[in-house]
């Protein structure tokens, strides 16, 4: 797997920067969406696109809770060869009251994944595309608290059912690992 690390960090489409930008409580390490769109447009019609989101909660130096939200776009060349992974990490305050049932944080992952799909929809065209959510449908896991909301939201916004664990590799593996790579 080839991992693409962004060559430039930008403020959501404005002035280029060389490191992450802090805006209030939101820290963003952006990638160039136009580069992703161009890469997908230059790929064959048999290429598949997988979009996944993941998050990680942690306590900041100010003793408040934050979450790193990672969105990964996996472009699987010809659906049979290697892939290229694009992604971004956003840090925001986490207001979930229960860390064992992180409904707000998980739905924020869902919102980010669906927005990325909408942003890439024109470039994806007729290519195979899936949205992967880092949610476990097994009630023994805390992420199951939003399974109905999350799948319903993706069905409504994207027009198809999302993949959830254990089939959600773009969320469970690509987005999870990408955060570590971008942070390095």
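Being touching a strand residue (DSSP E or B) at 6+ places or on another chain (Cβ under 9 Å) and not in a helix (DSSP H, G or I) is the filter here; which residues of region 142-160 pass it?
160
State yes or no: is residue 62 farther than 21 Å from residue 172 by Cβ, part of a loop (DSSP other than H, G, I, E, B), modelled with pLDDT under 95 and more than 12 Å from the chain's Cα centre (by Cα)?
Working: farther than 21 Å from residue 172 by Cβ: yes; part of a loop (DSSP other than H, G, I, E, B): yes; modelled with pLDDT under 95: yes; more than 12 Å from the chain's Cα centre (by Cα): yes.
Answer is yes for this residue.
Can you tell which of 39, 69, 50 is surrounded by 13 or more Cβ atoms within 10 Å (Cβ to Cβ), at pLDDT 90 or above, in contact with a helix residue (DSSP H, G or I) (Cβ under 9 Å, 6 or more places away or on another chain) and over 22 Å from residue 109 (Cβ atoms)?
Details: 69 fails: over 22 Å from residue 109 (Cβ atoms); 50 fails: over 22 Å from residue 109 (Cβ atoms).
After ruling out the rest, the residue left standing is 39.
Of the conditions (1) more than 25 Å from residue 143 (Cβ to Cβ); (2) in contact with a strand residue (DSSP E or B) (Cβ under 6 Å, 6 or more places away or on another chain), residue 81 clears all except one; give me its number.
(2)
Criterion first (assigned to a loop (DSSP other than H, G, I, E, B) and at pLDDT below 95) does residue 96 satisfy it? So that I can check it myself, show each step before the final result.
Details: assigned to a loop (DSSP other than H, G, I, E, B): yes; at pLDDT below 95: yes.
It is true that residue 96 is assigned to a loop (DSSP other than H, G, I, E, B) and at pLDDT below 95.
Would you confirm whether any residue within region 132-140 is crowded, with 21+ Cβ neighbours inside 10 Å, touching a helix residue (DSSP H, G or I) at 6+ places or on another chain (Cβ under 9 Å), part of a strand (DSSP E or B) and modelled with pLDDT of 90 or more? Full working, then the answer.
Taking region 132-140 first, the residues crowded, with 21+ Cβ neighbours inside 10 Å are 132-135.
Still in the list and also touching a helix residue (DSSP H, G or I) at 6+ places or on another chain (Cβ under 9 Å): 132-135.
When the remaining residues are screened for being part of a strand (DSSP E or B), the result is 132-133.
Going one step further and asking which of them are modelled with pLDDT of 90 or more, we end up with 132-133.
Yes.
Take the residues in region 164-174 that are touching a strand residue (DSSP E or B) at 6+ places or on another chain (Cβ under 9 Å) and over 20 Å from residue 84 (Cα atoms), then tell me which one is surrounded by the fewest Cβ atoms within 10 Å (Cβ to Cβ). First the steps, then the outcome.
Quick first cut of region 164-174, residues touching a strand residue (DSSP E or B) at 6+ places or on another chain (Cβ under 9 Å) only: 164-165, 167-174.
Restricting the remaining residues to those that are over 20 Å from residue 84 (Cα atoms) gives 164-165.
Working: 164: 23, 165: 18.
Among those residues, the one meeting the criterion is 165.
Residue 177 passes all but one of (1) in contact with a helix residue (DSSP H, G or I) (Cβ under 8 Å, 6 or more places away or on another chain); (2) under 26 Å from residue 65 (Cβ atoms); (3) at pLDDT below 95; (4) surrounded by 14 or more Cβ atoms within 10 Å (Cβ to Cβ); which number fails?
Unmet condition: (1).
The values are calculated or read from the model by the stated rules, or taken from the named source; none is laboratory data. These numbers were taken from a predicted model, which means no experiment stands behind them. All Cβ positions, glycine included, derive from the backbone under ideal geometry; neighbour counts span all protein chains shown.
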